[in-house]
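Structure, as structure tokens:
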Amino acid sequence: MTRYNWQQKDWPYFEFSLQGIEDELFLFAEKTGKVTGILNALPESTQTEAIVDIMVSEAIKTSEIEGEYLSRKDVLSSIRKNLGLVTSPEYIADRKAAGIGELMIDVRNTHKEDLTEKKIFAWHKMLLRGSKGIEVGAWRTHEEPMQVVSGAMGKQKVHYEAPPSARVPKEMDRYIAWFNETAPGGKKEIKKAPVRSAIAHLYFETIHPFEDGNGRIGRAIAEKALSQGTGRPVLLSISKAIEAKKNDYYDALQKAQSSNEITEWINYFVKTILTAQIDAEELIDFTLKKTKFFDRHKNDLSERQFKVIRRMLEEGPKGFAGGMNASKYGSITRVSKATATRDLQDMLKTGAIVPFGEAGGRSTKYHVNL
């Protein structure tokens, strides 16, 4: 029974048509150029902040897709440390956050290089640092089937079964050769970067070469393919766009793993990448607004007030869900409710924050006025 694509005679020779996504491919190329232009026009410190924000988003969301929720503070510290942006790096308690931060920087810094087994193993070690009971930095070797399942024990549904472990080394040798041959200038070059990224991700996930971490490594490889195709490290978070509609991702992947005709998968993935590019545009605009905000209010606010603003802006353009109030302000700064209320009133007068929802009394809530 040939239930999966890797069991079929035409594996791994994928067929597809780009007829339905020509507009998206053109728009992606256009937006990539626009985002690069906007970023290059910004001061260096603002550029760096935008790049860090996008990498933090990717690191957190690629983990959330797999059900892991990392400390944003630890991920940010790891990325800043690996970029050399801190003089005295603070201790990062969460080893997984430290590892994913290191991985993000390495994917970015080495995007021009060929893909190698050694590099994939190094990424796996970064990602699963401190993990116990699984092989790290090595292909899986267990004899039992590698299955993607859901449901409670005894009522499990098998969504996908990968090639047996014994086949993995040979499959990965062929995969790595394919990746490098389809790169810019390669003898089998795939000229549309989002298309190559889509295939690279699907192909890797189908082999599923590791005991754990396949999704995260596969998304890192998709990013590498995009960066090679655009000639620079990409400024977007594929994982943020995937995580927003996670069920669509798993449905598209499962369908694609049943046939080597993958037009539907290419359509899905290219549209997801385009969504990620639009998100990145908004994030860069947000970073610019933050920079202007801090410049505008540098003489208006105390260090305590700035601490609260920074904490609110960590959550993105809208700040805290539900906004800031005196109670939240007090818990962040460890001041009394009276002091918190007074600080918020001062910030309101300077225009640093604005009320929203039903104003008045204890129910007053605020957003940052960007």
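The values are calculated or read from the model by the stated rules, or taken from the named source; none is laboratory data. Remember, it's a predicted structure, so these values are computed and weren't measured experimentally. Using ideal geometry, Cβ is built from the backbone for each residue, glycine included, and neighbour counts are taken over all protein chains shown.
Values for this structure:
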read-out: Phe269 at pLDDT 95 or above and either hydroxyl-bearing (Ser, Thr, Tyr) or touching a Leu at 6+ places or on another chain (Cβ under 9 Å) (or both); value: yes
read-out: Qualifying residue in the range 314-328 (condition: without any contact (Cβ under 8 Å) to a residue 60 or more places away in the chain, assigned to a helix (DSSP H, G or I) and either in contact with a strand residue (DSSP E or B) (Cβ under 6 Å, 6 or more places away or on another chain) or among the acidic types (Asp, Glu) (or both)); value: no
read-out: Lone unmet requirement of (1) polar (S, T, N, Q); (2) more than 15 Å from the chain's Cα centre (by Cα); (3) part of a helix (DSSP H, G or I) for Thr62; value: (2)
read-out: Residue match in the range 191-207 (condition: more than 18 Å from Gln254 (Cα to Cα), surrounded by 14 or more Cβ atoms within 10 Å (Cβ to Cβ), polar (S, T, N, Q) and assigned by TED's automatic domain parsing to the domain that holds Glu113); value: no
read-out: Tabulated pairs, the range 203-217, first charged (D, E, K, R), second surrounded by fewer than 22 Cβ atoms within 10 Å (Cβ to Cβ), C-beta under 6 angstrom, 6+ apart or interchain; value: Glu211/Ile134; Glu211/Glu135; Glu211/Arg140; Asp212/Ile134
read-out: The range 12-37: number of residues that are over 21 Å from the mean Cα position of the chain (by Cα) and crowded, with 17+ Cβ neighbours inside 10 Å; value: 4
read-out: Criterion (crowded, with 21+ Cβ neighbours inside 10 Å, at pLDDT 95 or above and in the same structural domain as Leu115 (by TED's automatic domain parsing)) met by exactly one of Ala166, Ala220; value: Ala220
read-out: Per-region count, the range 218-235, residues touching a residue at least 60 places away in the same chain (Cβ under 8 Å) and in a loop (DSSP other than H, G, I, E, B); value: 4
read-out: Criterion violated by Phe210 - all others in (1) under 21 Å from Glu24 (Cα atoms); (2) part of a loop (DSSP other than H, G, I, E, B); (3) at pLDDT 95 or above; (4) not charged (D, E, K, R) satisfied; value: (1)
read-out: Of all residues in the range 145-154 being closer than 13 Å to Phe210 by Cα and assigned to a loop (DSSP other than H, G, I, E, B), the one that is farthest from the chain's Cα centre (by Cα); value: Pro145
read-out: Single residue of the range 1-48 satisfying the filter (of a type in the set (A, V, I, L, M) and in a loop (DSSP other than H, G, I, E, B)) that is farthest from Phe294 (Cα to Cα); value: Met1
read-out: Ser331 in contact with a helix residue (DSSP H, G or I) (Cβ under 8 Å, 6 or more places away or on another chain), at pLDDT 90 or above and assigned to a helix (DSSP H, G or I); value: no
read-out: Filter result for Val308 (β-branched (Val, Ile, Thr), outside the structural domain of Leu76 (by TED's automatic domain parsing) and under 22 Å from Ile60 (Cβ atoms)); value: yes
read-out: Residue within the range 73-83 that is within 22 Å of the chain's Cα centre (by Cα), of a type in the set (A, V, I, L, M), under 30 Å from Glu264 (Cα atoms) and surrounded by 18 or more Cβ atoms within 10 Å (Cβ to Cβ) present; value: no
read-out: Cross-chain or 6+ apart pairs with Cβ under 6 Å, the range 71-95 first and within 22 Å of Thr110 (Cβ to Cβ) and in contact (Cβ under 8 Å) with a residue 40 or more places away in the chain, then of a type in the set (Lys, Arg) and surrounded by 15 or more Cβ atoms within 10 Å (Cβ to Cβ); value: none
read-out: Looking only at the range 169-185, and only at residues there that are surrounded by 15 or more Cβ atoms within 10 Å (Cβ to Cβ) and in a helix (DSSP H, G or I), the one that is farthest from the chain's Cα centre (by Cα); value: Glu171
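Matching residues to (1) exposed (fewer than 15 other Cβ atoms within 10 Å of the Cβ); (2) touching a Lys or Arg at 6+ places or on another chain (Cβ under 7 Å); (3) in contact (Cβ under 8 Å) with a residue 60 or more places away in the chain:
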{"position": "Lys255", "(1), (2), (3)": "yes, no, no"}
{"position": "Ile266", "(1), (2), (3)": "no, no, yes"}
{"position": "Gln277", "(1), (2), (3)": "no, yes, yes"}
{"position": "Asp295", "(1), (2), (3)": "yes, no, no"}
{"position": "Lys298", "(1), (2), (3)": "yes, no, no"}
{"position": "Ser302", "(1), (2), (3)": "yes, no, no"}
{"position": "Ile309", "(1), (2), (3)": "no, no, no"}
